[in-house]
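Here the structure comes first, spelled out in structure tokens, and everything after it is commentary.
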Amino acid sequence: QVQLVESGGGLVQAGGSLRLSCAASGRTFSTYAMGWFRQAPGKEREFVAAISRGIGVSYYADSVKGRFTVSRDNAKNTVYLQMNSLKSEDTAVYYCAAGRATAQVMGVYDYWGQGTQVTVSS
């Protein structure tokens, strides 16, 4: 079992930055691929970024490529999402997830956090 707790969300102006953190319980964090997803009001949850286990190869949705950076610190059992040049359309609840593979589909992720709200004002 893995428990995930996100933090770092908040209100920011367009063009600003936030860094989200996701702390994981358990000793097997390094064996999981980690993903970030988001869900805006009235919309389906969508893929944002993911990072593989091991050497940490990262993947991004086209909408955030060049603005967001995902990273992980296995010693701290934590994955991060650095968000720069934020836009109003980035407003959503952001979720981290742990899974068996690095993928853009939610089905491969077995564990989910409760989410953290990010609001970007224009």
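Answer with yes or no whether ALA75 is small (Gly, Ala, Ser) and closer than 19 Å to LEU4 by Cβ.
So ALA75 fits the description; yes.
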- Task: Restrict the check to region 60-70 and report whether at least one residue is exposed (fewer than 14 other Cβ atoms within 10 Å of the Cβ) and touching a residue at least 24 places away in the same chain (Cβ under 8 Å).
- Result: no
- Message: Yes or no: region 94-108 includes at least one residue that is in contact with a Ser or Thr (Cβ under 7 Å, 6 or more places away or on another chain), at pLDDT below 95 and either in a loop (DSSP other than H, G, I, E, B) or open to solvent by 40 Å² or more (accessible area, probe 1.4 Å) (or both).
- Response: yes
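The values are calculated or read from the model by the stated rules, or taken from the named source; none is laboratory data. Keep in mind that this is a model prediction, so the values were computed, not measured. Cβ sites come from the backbone with ideal geometry, for glycine too, and all protein chains shown count toward neighbours. The area values use the complete protein model at the heavy-atom level, side chains included, leaving out ligands, DNA and RNA. Shrake-Rupley method; radii C 1.70, N 1.55, O 1.52, S 1.80 Å.
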